[in-house]
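Enquirer: Here you go, one structure.
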């Protein structure tokens, strides 16, 4: 029968709107306003999953985000989201959910054999069992553990949903919309402060939504909530955020909220994101996170049908669902009595109220008596039976000495338990506040404030509806005053009923069972039992941090909100130390599991990182160029013709450049304009080279070191005027070189009269290289004499190119005659197309970064970051010629004198030629003297660059080799998995060593 | 995310606008050639790592671009003081006393 456990009336569900959904393929019905958990319970379904380690049947334990058992997968748009808490999944038409961690079905599960084998899986068994043989780890243990690990199955497809991001500010953030939170929001809003009120649940109101035993200002709690929300909604200074979890409290009142926007809707608006991340800066925060009920730790306390008492009450009062026909209420505190009364009033038979205490309050006992409810005192549950649902509970009588004698058993189909209440101090703890043990409350409570926050209501251990309301109002007033300086006359609503109760218990309850045969669960999600915690203590774990990691207690998605206090009490008893000496683990972000999508927001795919494109990008794309990523830049890698692979294309491009000419987009090079009366002096200090005597119109290669003496960047610098230099840097080094220059200018040499400006994006740069380069550019250049005498290698001049202003450099990174044409960025595409046409006419071609790399390697030109790795000095790179010998100081000069940098046996840049000219070495390969070095032999160096060189008709490589320059002509070896490759050491310049071609 | 006060802009801005550049008041010697190897190694590599107040260099890199100095409490991550580059290092001991008072 459909929804046979639904009450006749009442609750926050909409009985006019029936919703059909499926669970493990079964079609079921519920109502709008249900959670998946309440709808399942309405259909009499308690068993919803199998446990993590022992695969034991598990039911719904709670009604909130702390739920450890009822984790389900929900299908949506063809994919499945795993591990959603059924207590938080809102029901919608067509919802399709599955249970997890079972095979082949929830009812019959092969993995359940683990439960019978459980003596083999004690706490820490991973550490003990899989130690050796070591070789078994990769092939045997790890695959098995991986296959068995985890609960749900990860989704298979990329996340098709969109996630949004929002930055926001407010005066007062109120987290939680129960009595304390609503009162705080009302009070703060009254002062005119900008208030944000968020709550993780779909409906605001918190515990008031299931409170029927009280009135507020003469109204039912639910009516009062509705009025309060109407009041807040009408205020411009208030933002209400249901379905929004404050999951992270960071420095300076920076709070992260995750707002769930479409997950509860059957057919979501495609324009809406699934979730929204709020990055909120609140002047003041009121934490009204409430408290959660502790399960009781007795043997077999995990059978479906066993649930926290207040959850049972919530399902009844808020969702109109009876958790069973016959319930046993086991408790150590007063609040569960109210659950028993509410259920009895709704027609649920109460098998008994079994209270651990010898003398529960008389008042409660007489109410029970009036309802004809059997009451057992000094009574504990010592076990349960029932295969997939509880059918019987064993009871025990606790004597004054603490021993337990059997007190018979009771048939029941549900068991509601309460070990007392634990304040939710997670956010306070995240704000870096230290919790303090409060003996009277029997709980850890917020201590000193580190940030501008205050806890209110039961999250700081305060109970009783009227007190909680008053505390909320006061917290709201205080927060608003602190944030805005303003206050207002606030009338506190007055509640009667729902008074503070007493009682509570911590740790494992006494029983009369054989300890070796029963399991009393502490952490349901991780299958940690009381026995495991005791075992951990016996095996030497004395701090709660160690016990936690050894047993995994408190490491579930609720971060131990349900289990920590019980585990702590068990450990404290086993250690015979006070609770406070055992310590409490720290609560960290996120409060509840948060999707990766929420963290990523829109920074995915094309929006993950900006893409920088060169002026030739469109042309290169149209010409089917292959691209490579260089930092954020998309650079043309090579330009294949029909049928060419990378090797054929690069070989052709290389030959054309050497024999005729080539066109290359060099716009990505970093460019810095250094200007001012002290510009030359500044460069003198920043670079190894001398600059003062560099003539206007001349260029020089510059080498930049750090203070330690290592090469960090290089580039050509042209002197445009006495007080103006055009500095180029490597593509990747542009921002750091600029930052380094700024650093020295601002902090070390503020007396220098120099300005620097990044001009990387201002210029488009086309490089024309090859014997016919001059011929190709000549028709377009005006105002510059291009003849070799007037404009020799390493010259710079300003003029026009195609009628637009240009800085023309005669420089070469290929060893051929070369020009680099710098024009304003907006003319870059026009200049590129003009040159491409002209170059093609002369038999040349465009070339990409791969050809550029080969051509420069043939010439032995280094690339910073490829030949250097932050430990290479100019001498190592064979570039002492770049150091101004007469300079007294420059950045890195003193560093170069350090003992290790002038020591023998440093690695030096050399060329390598393989004996077999066809073999191209792997970049990064290690180099040794011996062909078959013994295991553990340190390498003498490594290959930094390696290519097939068309100009040489063979492979070439550059390498850093210990004492390399002295080894010229010697044979070394590059050991590889399939054999050692013999190589001969040469100088690093393979092609045109005298450099005649540059000056053509 | 921290909020940092830029002494040049005169405003508090989020941490993402800034870059930390390590310990402050490490001055490059006027004439490095006079430094012994030990002195130079100290200048290059040796830095304080205190639990407590620490004077650091920060740059408002996505703002005004200026370098400035800040005293940060390394346990609480709180910025105690910001000041312009070139201004003298505050007396950290006195500051700590002032804070605990």
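Enquirer: To test your reading of the geometry: what angle, between 0 and 90 degrees and rounded to tens, separates the Cα axis of helix A:309-319 from the longest principal axis of chain A?
Expert: The helix A:309-319 is inclined about 90 degrees to chain A.
Enquirer: Can you give me the pair-distance distribution of segment A:904-1000, C-alpha pairs, 5 Å bins, whole percents?
Expert: Whole-percent P(r) values from 0 Å outward: 3, 14, 25, 25, 16, 9, 5, 2, 1, 0, 0.
Enquirer: What is the projected area of the convex hull of the Cα atoms of segment A:13-122, averaged over all directions, in nm²?
Expert: Quarter of the Cα hull surface area: 7.3 nm².
Enquirer: Another question about this same structure. Need the C-alpha centroid separation for segment A:907-952 versus segment A:584-662, integer Å.
Expert: Between the Cα centre of segment A:907-952 and that of segment A:584-662, the gap is 29 Å.
Enquirer: OK, next. Could you give the nm distance between label points at residue A:902 and residue A:539, where each point is 7 Å from its Cα heading toward the beta carbon?
Expert: So the two model labels end up 5.9 nm from each other.
Enquirer: Run lengths n ≥ 4 of DSSP H only: what is the helix-derived mean residue ellipticity at 222 nm for chain B, with -39500 (n - 2.57) per run over all residues, to the nearest 500?
Expert: Mean residue ellipticity at 222 nm (helix-derived): -5000 deg cm²/dmol.
Enquirer: Okay, moving on. If every alpha-carbon in segment A:735-802 counts as one equal scatterer, what log10 I(q)/I(0) does Debye give at q = 0.17 1/Å?
Expert: -0.79
Enquirer: When the Kirkwood hydrodynamic radius is evaluated over all pairs of different C-alpha atoms of segment A:53-93, what value in angstrom, to one decimal, is obtained?
Expert: For segment A:53-93, the Kirkwood estimate is 11.3 Å.
Enquirer: Arrange A:755, A:337, A:749, A:691 by Cβ neighbour counts within 10 Å, fewest through most, would you?
Expert: Lowest count first: A:755, A:749, A:691, A:337.
Enquirer: What ranking, highest mean first, results for peptides A:479-487, A:597-605 when packing means the other Cβ atoms within 10 Å averaged over each residue?
Expert: A:479-487, A:597-605
Enquirer: So what's the convex hull volume per residue for the Cα atoms of segment A:520-582, in Å³?
Expert: 64
Enquirer: Right, next: Could you tell me what % of all Cα pairs in segment A:236-346 have separations over 19 Å?
Expert: 64
Enquirer: In degrees, nearest 10, range 0 to 90: what is the angle between the Cα axis of helix A:335-345 and the longest Cα principal axis of chain A?
Expert: Relative to chain A, helix A:335-345 is tipped by roughly 60 degrees.
Enquirer: For every helix of n ≥ 4 consecutive DSSP H residues, a contribution of -39,500 (n - 2.57) applies; sum these over chain A, divide by its total residues, and give [θ] at 222 nm rounded to the nearest 500 deg cm²/dmol.
Expert: Computed mean residue ellipticity for chain A: -6000 deg cm²/dmol.
Enquirer: Which distance in Å, rounded to a whole number, links the C-alpha centroids of segment A:148-210 and segment A:484-549?
Expert: If we compute the Cα centre of each part, the gap is 25 Å.
Enquirer: With each label point set 7 Å from Cα along the Cα-Cβ vector, what nm distance links residue A:269 and residue A:157?
Expert: In this crude spin-label approximation the distance works out to 2.4 nm.
Enquirer: Between segment A:235-294 and segment A:1-54, how far is it from one alpha carbon centroid to the other, in angstrom?
Expert: The two parts, judged by their Cα centres, are 26 Å apart.
Enquirer: Quick one: compute a quarter of the convex hull surface over the Cα atoms of the protein assembly as shown and quote it in nm².
Expert: 51.9
Enquirer: Relative to the longest principal axis of the C-alpha atoms of chain A, give the angle of the C-alpha long axis of helix A:849-858, reported between 0 and 90° and rounded to the nearest 10°.
Expert: Tilt of helix A:849-858: around 50 degrees.
Enquirer: Counting DSSP beta bridges with both partners in the protein assembly as shown, what percentage is antiparallel, nearest 5?
Expert: 75
Enquirer: Additional query: Which length gain, in nm to one decimal place, applies between residue A:488 and residue A:599 when the Cα-Cα distance is subtracted from 0.36 nm times their residue separation?
Expert: Additional length available on full extension: 36.1 nm.
Enquirer: Right, something else. Hey, rough spin-label estimate for residue A:549 and residue A:388, points 7 angstrom out along Cα→Cβ, what's it come to in nanometres?
Expert: Computed distance between label sites residue A:549 and residue A:388 equals 4.1 nm.
Enquirer: Extent of segment A:747-872 along each principal axis, from alpha carbon coordinates, in Å, largest to smallest?
Expert: For segment A:747-872, the Cα extents along the three principal axes come out at 51, 35, 31 Å.
Enquirer: Give or take rounding to whole Å, what are the principal axis extents of the alpha carbon atoms in segment A:295-415, in descending order?
Expert: Result, largest extent first: 42, 37, 21 Å.
Enquirer: Taking other Cβ within 10 Å of each residue's Cβ, how do A:51, A:105 sort, fewest first?
Expert: The order, fewest Cβ neighbours first, is A:105, A:51.
Enquirer: Applying a 10 Å radius around every beta-carbon, put B:6-13, A:662-669, A:629-636 in order of their mean neighbour count, most first.
Expert: A:662-669, A:629-636, B:6-13
Bear in mind these aren't lab numbers, they're just calculated from the coordinates by the rules spelled out. Quantities reported herein were computed from a predicted structural model and do not represent experimental measurements. Don't worry about glycine lacking a Cβ; one is built from the backbone with ideal geometry, like all the others, and counts go over all protein chains shown.
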